[in-house]
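The values are calculated or read from the model by the stated rules, or taken from the named source; none is laboratory data. Predicted model only: the values in this text are computed from it and were never measured. When we count neighbours, we look across all protein chains shown, and the Cβ atoms used for this are built from the backbone with ideal geometry, even at glycine. These area figures cover heavy atoms from the full protein model, side chains too; ligands, DNA and RNA do not enter into them. Shrake-Rupley method; radii C 1.70, N 1.55, O 1.52, S 1.80 Å.
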Amino acid sequence: MALNFLPTDTKIDFAGQRYLFFFISLMITFGSFWFMFSGSLNYGIDFKGGFLMSIRVEESVKIEDLRASLLKMNLGDVSLQEIGSSKDIQIKIGRQPGDDKAQSVALDKIKASLDQTFNHHIEYRSIDTVGPKAGQDLINNAILAVFFALLGMLGYVWVRFEWQFSLCSIVAIIHDCASIVGFYGLFHYEFNITAIMAILVTAGYSINDTIVIFDRIRENRVKYKKMELKDLINKSINETLSRTILTSATTLFSLFALYIFGGDIIASYSLPMIVGIGVGTYSSIFLASPLL
């Protein structure tokens, strides 16, 4: 006997309410692009440059205490994480205002503070400086990565279905990727290489959900040749609704567990993924198919 968590015979008029959802999606997308091009994003060290230090100490140290100590120096963005053990720590500090001399002065202050904190029982395993040019190169490469990912998905859906399906799926994915950027801009989260990974994973999840619904639409077009397109799309979305919601829900349960119990580093990756799965599910149901 099958166990149904959700009703399988829903008759929700998704296509009939499409203009409302199109308006909501446009507002989200335009808002996200505004954050992207207005300079409101809080770019991390990966993009705007700074210091990357790996240190080893003799005794275990609490990350929170060390972060509080460095923040008192008013150095701007400071990110710390353990590397393998609580004695090996990676420190990221944003680029300081001024020229190369200002960077050297700031680095000397950081080392003096760390020496005092650990009573000179500290080993500097590596000290790297990330310049603004490297950050710009990373931004350019990130844009290319997203572009080629979208291009590949466009070609796949075009070959598997028709050009109309391909166009609608790409519009939905652009909406999803833009929503992740908007999330970072709205809540002023640090936009770093983790954000790019979240965008790409969200795009992949979204296209998977969308293709499931498109498959059902294609099947129903063969079975119900005289049915109006609007009714056929509604029928297809309703028939796959239970699967879509349950798949998203199980993924979200896992991500929420990582966010709550995984610590700061994993939480910073899990949270945008939670947003991505949410908007990806929304766009598959309310945007991609009704656009047809």
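Side notes on the structure shown:
- Hydrophobic long helices, here whole DSSP H runs in the chain with Kyte-Doolittle means of at least -1.0 and Cα atoms spread over 18 Å or more along the helix axis, are found at 18-37, 100-117, 132-160, 163-186, 193-223, 229-261, 263-283.
- Within a straight-line Cα-Cα reach of under 30 Å, Lys235 can be paired with the following lysines, leaving aside sequence neighbours fewer than 8 residues apart in one chain: Lys11, Lys223, Lys225, Lys226.
- Proximal lysines to Lys92, defined as alpha-carbon separation beneath 27 angstrom and excluding residues fewer than eight positions away on the same chain: Lys48, Lys62, Lys72, Lys101, Lys109, Lys111, Lys133
- In the context of the full set of protein chains, residues of the range 61-103 present 56 Å² of accessible surface per residue (probe radius 1.4 Å, heavy atoms only).
- Lys, Arg +1 and Asp, Glu -1 on Cβ, resulting dipole of the range 173-269 about Cα centre, debye, nearest 20: 680 debye
- Between the alpha-carbon centres of the range 208-266 and the range 28-80 there is a gap of 36 Å.
- Solvent-accessible area per residue in the range 142-190 equals 50 Å², computed with a 1.4 angstrom probe and all protein chains kept.
- Cut-off 10 Å between beta-carbons: net charge of the residues surrounding Ser284, Lys and Arg +1, Asp and Glu -1: -2
- Ranked by how many other beta carbons lie within 10 Å on average, peptides 48-55, 145-152, 283-290 from highest: 283-290, 48-55, 145-152
- The range 87-119 and the range 141-177 have Cα centres spaced 43 Å apart.
- Annotation note: chymotrypsin sites (Phe, Trp or Tyr not before Pro) in the range 184-239 located in DSSP loop regions with a Cβ neighbour count of at most 14 within 10 Å are Phe187, Tyr224.
- Given (i) 0.97; (ii) 1.25; (iii) 1.57, the label whose value is Cα Rg over 2.2 N^0.38 Å derived from this model: (ii)
- Working from Cα pairs under 8 Å separated by at least six residues, relative contact order for the chain is 27 percent.
- Over all other residues within a Cβ to Cβ distance under 12 Å of Leu271, the charged ones net out to -2, with Lys and Arg as +1 and Asp and Glu as -1.
- Potential lengthening between Leu20 and His121 on full extension [0.36 nm per residue; Cα-Cα distance subtracted]: 30.1 nm
- Portion, in percent, of the accessible area of the range 162-292 that falls on carbon or sulfur, probe 1.4 Å: 68 percent
- Taking only the alpha carbons of the range 137-292, we obtain Rg and Dmax values of 16.6, 55 Å in that order.
- Taking a sphere under 13 Å around the Cβ of Asn42 and counting the other residues whose Cβ falls inside, with K and R at +1 and D and E at -1, yields a net charge of -2.
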